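Structure record follows, encoded as structure tokens.
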Amino acid sequence: MRTLKNFILGISSLLLLTGCSSFGRGVAEAILDSNKQQNDTRSCKVTGRSFSGLEPLLEDGLKILMVHGIGDHTAGYSAEFLDKLTTKMRLNKKSPGYKTIELLSPVDTSKSLGSVRVHHYFNTEQSKTLLFYELLWSSVTEEAKKVIAYDSTGEYAHRRADINDLLKKFSNETMPDSFLYLGDHRKDILASFNQSYCWMAAASWQDLADHTVSACDFHAKGFNENLQKNHYAFVTHSLGSRITVDGLQQIAHVLGNDSNIYHGTIKKPQTAVQTLKQKNTYIFMLANQLPILQLGRKKAEVTQQYADYCLANGKHFEERMYQATNVIAFNDPNDIASYPIPYGFSQKYLDSRLCINITNVEINIAKVNDLLGFGTFANPLTAHSGYKSDDRVVALISNGIGTQDTEAIVTQRCVLVEEVD
């Protein structure tokens, strides 16, 4: 009996993890959904501080940067999420098409750092506006991943069983990104993030050309003006959580030490530094991976000094980077590749100058099904990648939890365990 159970679990897992075979997906999901419930009973538990979400920020102008995770991505990967978010925020108008920024390294303009696609949404009265920046950094690792590309060719693939071949191709496409990020490619990936942040702060929709190929300068004309008048937020997936935090910690280091992100020294943009200190920012981390990607890493430069940097009477209060960084970490317990953020993690490992507050969202993205009486099982692919189509996730990002504007779907389907000082 145990052998049969393990066999069904194993085959179902392999078929679903690949996300590649329509036949395999159909067979596996037929098994997993054999007792599908009519009522959606997926759990949602939010532990930490209540938060208001992003919709209240639209009136002053909101800019969101989306940062993807492992695997090869193409421009437009955020389309489904963006459509659901703007619908939830009642942004029913947009500027035609989109604008593209080809990111270049400021110290070597021959080096491409990926691209950013920018969309402009607003409401009928034009009183609420959103600029959405979709970062595409996967091209940074594309060349390096060719080292193992031979392993997915027919010369080697024909020796494998069908399911194993699908798994190997999936693995070859995705796993190397984490290894490359933890190695020499981290510098260029973080440069891609920092350039995206710079462009997000530096220019309005009207200032951007339809197609820009350029490096961004933190001292650019109009940078401080745009930085002051807008709100900023980040939505990340998987490895993108680590990239975003590392990128912000790198900027905090630069602002605190007069050192260039790339090399040498620079004159700090003093007005921008003072502006950032008054900003509250959100990072919504879907399939958060901060804890697993902390393994083998050094702690941030400044740690365990939250009170000194983030409280008004702290001795380093004027040296903070942000007034507050609100991290909302989403995690499906059935996702084998994401993690909640444990108590004390931020204080011990992350930069105190970011003034990070953690809220964990433990949420079943994938439905849990009875596997023909042999146990319960949830689709691991959906558990890791299904956030973009989940209405609860979009409602939490848009209107938060624990406030008068919280959406009904969140009030009805999510439980808030609020932590208070």
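Any idea which residue in segment 298-313 is farthest from Ser238 (Cα to Cα), counting only those that are of a type in the set (D, E, K, R) and touching a Phe, Trp or Tyr at 6+ places or on another chain (Cβ under 8 Å)?
So the first thing to find is which residues in segment 298-313 are of a type in the set (D, E, K, R), and the list is 298-299, 301, 308.
Next, only the ones that are touching a Phe, Trp or Tyr at 6+ places or on another chain (Cβ under 8 Å) stay: 299, 308.
Details: Lys299: 20, Asp308: 31 Å.
Applying the filter and picking the extreme gives Asp308.
Give the residues of segment 180-207 that are among the hydrophobic types (A, V, I, L, M, F, W, C) and either surrounded by 18 or more Cβ atoms within 10 Å (Cβ to Cβ) or within 18 Å of the chain's Cα centre (by Cα) (or both), sorted by residue number. Working first, answer last.
Applying the first criterion (among the hydrophobic types (A, V, I, L, M, F, W, C)) to segment 180-207 yields 180, 182, 189-191, 193, 198-203, 205.
Across segment 180-207, the qualifying residues are Leu180, Leu182, Ile189, Leu190, Ala191, Phe193, Cys198, Trp199, Met200, Ala201, Ala202, Ala203.
Exactly one residue out of Asn357, Asn369, Asn288 is buried (at least 18 other Cβ atoms within 10 Å of the Cβ), within 29 Å of Leu416 (Cα to Cα), in contact (Cβ under 8 Å) with a residue 40 or more places away in the chain and in contact with a Leu (Cβ under 8 Å, 6 or more places away or on another chain), and it is Asn369. All conditions in (1) within 19 Å of Ile64 (Cβ to Cβ); (2) buried (at least 19 other Cβ atoms within 10 Å of the Cβ); (3) out of contact with any strand residue (DSSP E or B) (no Cβ under 6 Å at 6 or more places or on another chain); (4) not acidic (Asp, Glu) hold for Ser352, with the sole exception of (1).
Of the residues making up segment 90-141, those that are among the acidic types (Asp, Glu) and either closer than 20 Å to Asp210 by Cα or in a loop (DSSP other than H, G, I, E, B) (or both) are Glu102, Glu125, Glu134.
Just to verify a result, which residue in segment 382-421, among those that are acidic (Asp, Glu) and surrounded by fewer than 17 Cβ atoms within 10 Å (Cβ to Cβ), is nearest to His68 (Cα to Cα)? Break it down into steps so the answer makes sense when it comes.
To start, the set of residues in segment 382-421 that are acidic (Asp, Glu) comprises 390-391, 405, 407, 418-419, 421.
Now narrow it down to the ones that are surrounded by fewer than 17 Cβ atoms within 10 Å (Cβ to Cβ): 391, 405, 418-419, 421.
On the way: Asp391: 19, Asp405: 29, Glu418: 29, Glu419: 30, Asp421: 34 Å.
Among them, the one singled out is Asp391.
For segment 172-186, which positions are touching a residue at least 12 places away in the same chain (Cβ under 8 Å) and not in a loop (DSSP other than H, G, I, E, B)? Can you show your working first?
Taking segment 172-186 first, the residues touching a residue at least 12 places away in the same chain (Cβ under 8 Å) are 172-178, 180-182, 185-186.
Of everything in segment 172-186, those that are touching a residue at least 12 places away in the same chain (Cβ under 8 Å) and not in a loop (DSSP other than H, G, I, E, B) turn out to be Asn172, Glu173, Thr174, Met175, Pro176, Asp177, Ser178, Leu180, Tyr181, Leu182, Arg186.
Restrict the check to segment 34-43 and report whether at least one residue is touching an Asp or Glu at 6+ places or on another chain (Cβ under 8 Å) and crowded, with 19+ Cβ neighbours inside 10 Å. For segment 34-43, residues touching an Asp or Glu at 6+ places or on another chain (Cβ under 8 Å) and crowded, with 19+ Cβ neighbours inside 10 Å: absent.
Residues in segment 67-87 include none that are crowded, with 16+ Cβ neighbours inside 10 Å, farther than 30 Å from Asn379 by Cβ and at pLDDT 90 or above. Test Leu350 against the stated conditions and say whether it is free of Cβ contacts under 8 Å to residues at least 24 places away in the same chain and aliphatic (A, V, I, L, M). No.
The values are calculated or read from the model by the stated rules, or taken from the named source; none is laboratory data. Note that the structure is predicted; figures quoted are calculated from it, not measured. Backbone-built Cβ (ideal geometry, glycine too); neighbour counts: all protein chains shown.
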